Each structure stands twice: as structure tokens, then as C-alpha cells.
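Colleague: Quick one: structure below, then a few questions.
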């Protein structure tokens with residue numbers, strides 16, 4: 001038995017023998033400790049020369065929540081350690097947090113001041129190995145937001161906000177480069193007594209790509225110029241509708257038109273209609289279902305693409321087998337269409353990605369949960385040597401205090 005496996009089952013033994021300290025949703029402070037073990041048959045998502053690896057994750061989370069009059073303060077912070085058995089140069093530690101102050105000046109004027117950070121290894125679905133990695137590409141995403149909502153009269157409300165969004169990569173990844181985007185938003189919302197609401201929002205922002213030097217056509221002419229810009233503007237026009245259909249089901253829909261224009265290279269621009277529709281249903285006290293349709297857009301800048309549009313579908317049923325056991329299934333299908341090639345006449349680039357996962361959560365006591373799962377990831381692509389298949393087995397134990 002390998003060291004990570006011994007460590008994992010050691011943690012499980014501690015879980016079974018630990019005192020019955022337990023977290024409560026009403027506690028001001030809660031502490032969560034977790035240990036996970038994952039076996040991945042194709043870590044780098046390659047069609048050939050597949051490499052398997054096992055990853056051990058150890059995490060500690062502190063959660064704080066405190067109401068104070070009409071205000072509520074919350075913060076959860078996690079430290080996660082990732083250790084790879086074979087490719088140990090990919091080892092890293094992530095610091096994630098999510099904090100919010102839900103403020104209220106009066107019962108009619110409310111809002112939120114929030115900040116968050118997520119650190120994670122860039123997916124090897126997105127990163128194709130052109131050269132051997134020597135260290136991980138950890139992507140850090142920070143979102144800082146101030147939002148306000150004013151109930152003008154009846155169900156009518158006015159919305160406004162400011163957002164700072166930052167994305168940084170620990171190593172160079174030009175397809176999805178580091179950037180900072182500052183934006184403002186204004187809108188209106190109508191809330192019916194039944195809980196339905198319709199929201200219209202306009203968002204405009206200015207962005208800057210980090211660690212890029214502008215190389216104009218006067219220095220390197222087309223088609224040899226990589227056309228990596230240093231700045232852009234982004235505009236979103238959004239409509240959202242929420243409808244609680246019954247006491248057991250609800251529908252949440254959003255449509256948006258997003259436009260991104262670059263400061264110097266218009267070939268990288270896009271203007272796309274996107275959105276999603278999510279449906280949730282609790283059929284019985286033990287069976288629930290969540291499903292959704294979506295269309296997304298993302299910048300992906302290479303010589304043969306500037307962005308991709310992804311159409312997707314997912315379904316997630318869950319079955320509470322007993323008070324201590326829950327079985328879950330998740331299927332996600334996505335088709336990506338890459339657009340904005342710098343050179344005309346390029347062959348069509350399409351990817352179809354599928355993920356199927358089945359898992360079981362067992363909570364023998366209120367303060368401990370053991371989860372096990374199997375996941376199958378696949379990609380079929382019009383690009384040569386881009387298809388892959390991967391099988392992932394996982395075990396996790398989580399303790400709550």
C-alpha cells in the first residue's frame with residue numbers, strides 16, 4: 001500500500017475514533033478537515049502516451065457567519081495541499097476564500113460587499129502540452145464586488161454595482177492569459193408576491209491583459225503577427241427570469257449578449273448571444289433532480305482561434321437512500337466551437353466533451369462523511385490526436401467540528 005493510501009486510511013481511522021464534536025449550521029465558527037485520494041488514468045488528457053497518477057489532497061476550512069441586526073457577515077477560508085505521486089513537480093498549495101457583508105441601510109436599501117479567491121491547476125483539457133511542464137500552471141481568480149438594490153415602490157427595484165475581476169496564471173498560458181477587468185452595472189428588477197422576478201441589467205467594463213508587450217503590424221506584419229492585445233472592453237446586456245413553478249420545482253433562466261472588443265487587433269473580437277436555463281425538482285423527500293441547458297463563450301487565443309462558444313447540457317439526480325447514505329449521478333455534455341482564426345482557410349475545430357460521474361456519500365455520524373466516486377471523461381475532436389479517455393476513482397473523508 002502506497003504512502004498516500006496509508007495516509008488516507010489513517011485519516012479514515014481517525015474519523016471513526018474521533019470525539020463527537022460536530023458542526024452546526026447555526027454556529028458562528030465551524031471547522032472542516034478533509035483528506036482525498038484520486039487515481040487518474042490519463043492525467044494530461046492525451047490521446048497517446050497516457051500517464052496515470054494519483055493525487056492526495058489535504059484541506060482545512062474555517063467558516064464564519066454572524067448576523068448583526070440587519071447585517072450579516074460571512075467568511076470561509078480553505079488551505080488545500082495537492083500532492084502528485086509520480087509528477088511531483090505539479091505539487092502546489094491553494095488558498096481559497098469567500099467573504100461577504102450583506103448590508104442593509106434600511107429595509108428598502110440593501111446590498112452586498114464581497115470578495116473571493118480560487119486557486120486551481122489549469123485543466124489539461126484546456127492546456128495542450130506543447131512542451132514538457134516543469135511546474136504547475138495554477139490559475140488564481142479574484143472577484144471583488146459591491147452591489148446595491150433599492151426597492152423603489154411595490155415590486156420595482158433598481159440595481160447597481162462595481163466589480164473587479166482578476167485572473168493570473170503562475171506560468172505562461174497565452175491561450176487564456178492573465179488579465180484584470182473592472183466593470184460597472186445598472187439595471188432594474190420586478191419581484192412578484194409569489195417570488196417570481198424579472199431582471200434586466202447592463203454591464204460595461206475595461207480590461208487589461210497582464211504581462212504582454214504590444215507587437216504591432218508595423219513590427220511584425222500579418223499573418224505572422226500573433227495579435228496578442230494588451231487591452232479590451234467588454235459589454236453585457238442581460239435578462240434573467242426566476243419562476244418557482246410549484247413548492248417542489250423552480251425554473252431559472254438567463255439570456256445575455258456579450259461583446260468583447262480589443263484595443264488594437266479586431267480579429268480577436270467577438271459578439272455572441274449566450275445564456276442558460278436551470279430546472280430543479282424535488283420529486284419526493286428522498287429524490288431530487290437538477291438539470292440545465294447553457295451556451296457560454298470564453299477567450300481562447302491561439303493562431304487558429306480567438307474564442308470558443310460552448311453549448312452544453314447537464315443532469316444531476318440524487319437519491320437519499322437512507323438518512324446516512326446519498327447516491328448521486330452527474331452527466332455533462334459540451335460541444336465547443338472555436339472561432340476567430342487569424343489565418344483564413346483553417347480546418348474546422350470542434351470538440352465534444354463528456355463527463356459521467358456516479359458517487360455515494362455515507363455519513364455514519366453527523367461530524368464525518370465518507371465519499372467515493374467513479375468518473376469517466378472523454379473528448380472527441382476534429383483536431384488530430386486530440387481525442388482522449390480518462391477514468392478517475394476517488395475517495396474522500398470530511399470531518400466537521
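The values are calculated or read from the model by the stated rules, or taken from the named source; none is laboratory data. Source: prediction; values computed, not measured. Every residue, glycine as well, gets a Cβ built from its backbone with ideal geometry; the counts of neighbours run over all protein chains shown.
Colleague: Could you run through segment 311-334 and say how many residues are surrounded by 17 or more Cβ atoms within 10 Å (Cβ to Cβ) and under 30 Å from residue 232 (Cα atoms)?
Modeller: The number of residues fulfilling the criteria is 1.
Colleague: Here is a check on your reading of the model: is residue 309 touching a residue at least 24 places away in the same chain (Cβ under 8 Å), part of a strand (DSSP E or B) and either more than 25 Å from residue 391 (Cβ to Cβ) or in contact with a strand residue (DSSP E or B) (Cβ under 6 Å, 6 or more places away or on another chain) (or both)?
Modeller: So residue 309 passes the test.
Colleague: Taking residue 215 as meeting all but one of (1) surrounded by 14 or more Cβ atoms within 10 Å (Cβ to Cβ); (2) under 30 Å from the mean Cα position of the chain (by Cα), write down the number of the exception.
Modeller: Exception for residue 215: condition (2).
Colleague: Looking at segment 280-295 only, could you name the residues that are loosely packed, with under 15 Cβ neighbours inside 10 Å and over 23 Å from the mean Cα position of the chain (by Cα)?
Modeller: Residues satisfying the conditions are 283, 284, 285, 286, 287.
Colleague: Another question about this same structure. Just to be sure, is residue 351 part of a strand (DSSP E or B), within 27 Å of residue 277 (Cβ to Cβ) and touching a strand residue (DSSP E or B) at 6+ places or on another chain (Cβ under 9 Å)?
Modeller: For residue 351, the condition - part of a strand (DSSP E or B), within 27 Å of residue 277 (Cβ to Cβ) and touching a strand residue (DSSP E or B) at 6+ places or on another chain (Cβ under 9 Å) - is met.
Colleague: Sticking with this one: Go through 91, 126 for me and flag whichever is closer than 24 Å to residue 39 by Cβ and modelled with pLDDT of 95 or more.
Modeller: Of 91, 126, the one residue that is closer than 24 Å to residue 39 by Cβ and modelled with pLDDT of 95 or more is 91.
Colleague: When you look at residue 277, is it under 19 Å from the mean Cα position of the chain (by Cα), without any contact (Cβ under 8 Å) to a residue 40 or more places away in the chain, buried (at least 17 other Cβ atoms within 10 Å of the Cβ) and more than 27 Å from residue 362 (Cα to Cα), yes or no?
Modeller: Against the criterion (under 19 Å from the mean Cα position of the chain (by Cα), without any contact (Cβ under 8 Å) to a residue 40 or more places away in the chain, buried (at least 17 other Cβ atoms within 10 Å of the Cβ) and more than 27 Å from residue 362 (Cα to Cα)), residue 277 does not qualify.
Colleague: Something else about it: Condition (residue is over 25 Å from residue 396 (Cβ atoms), in contact (Cβ under 8 Å) with a residue 12 or more places away in the chain, surrounded by 14 or more Cβ atoms within 10 Å (Cβ to Cβ) and under 18 Å from the mean Cα position of the chain (by Cα)) applied to segment 335-355: is it met by at least one residue?
Modeller: yes
Colleague: Here's a follow-up. Check segment 71-84 and report whether any residue there is surrounded by fewer than 16 Cβ atoms within 10 Å (Cβ to Cβ) and farther than 26 Å from residue 161 by Cβ.
Modeller: There is at least one residue in segment 71-84 that is surrounded by fewer than 16 Cβ atoms within 10 Å (Cβ to Cβ) and farther than 26 Å from residue 161 by Cβ.
Colleague: Follow-up. Note down all Cβ pairs under 9 Å where the first residue falls in segment 375-401 and is farther than 30 Å from residue 338 by Cβ, the second is modelled with pLDDT of 95 or more and part of a loop (DSSP other than H, G, I, E, B), and they're at least six residues apart or on different chains.
Modeller: 393/41; 399/367; 400/367; 401/367
Each row is one residue, and each column tells you yes or no for (1) modelled with pLDDT of 95 or more; (2) closer than 29 Å to residue 235 by Cα.
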| site | (1), (2) |
| --- | --- |
| 61 | yes, no |
| 80 | yes, no |
| 102 | yes, yes |
| 136 | no, no |
| 143 | yes, yes |
| 152 | yes, yes |
| 165 | yes, yes |
| 173 | no, yes |
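Colleague: Separate question: Report, by residue number, each residue of segment 115-145 that is buried (at least 17 other Cβ atoms within 10 Å of the Cβ) and in a strand (DSSP E or B).
Modeller: 117, 119, 121, 138, 139, 140, 145
Colleague: Okay, moving on. Taking the condition modelled with pLDDT of 55 or more, part of a loop (DSSP other than H, G, I, E, B), out of contact with any helix residue (DSSP H, G or I) (no Cβ under 6 Å at 6 or more places or on another chain) and within 30 Å of residue 386 (Cβ to Cβ), does residue 51 pass?
Modeller: For residue 51, the condition - modelled with pLDDT of 55 or more, part of a loop (DSSP other than H, G, I, E, B), out of contact with any helix residue (DSSP H, G or I) (no Cβ under 6 Å at 6 or more places or on another chain) and within 30 Å of residue 386 (Cβ to Cβ) - is met.
Colleague: Here are the criteria: (1) within 23 Å of the chain's Cα centre (by Cα); (2) within 23 Å of residue 258 (Cβ to Cβ); (3) surrounded by 17 or more Cβ atoms within 10 Å (Cβ to Cβ). Tell me which single one residue 371 does not satisfy.
Modeller: Condition not satisfied by residue 371: (2).
Colleague: Looking at (1) exposed (fewer than 15 other Cβ atoms within 10 Å of the Cβ); (2) closer than 25 Å to residue 143 by Cα; (3) modelled with pLDDT of 95 or more, which one does residue 28 not meet, given that it meets all the others?
Modeller: Result: residue 28 passes all but (3).
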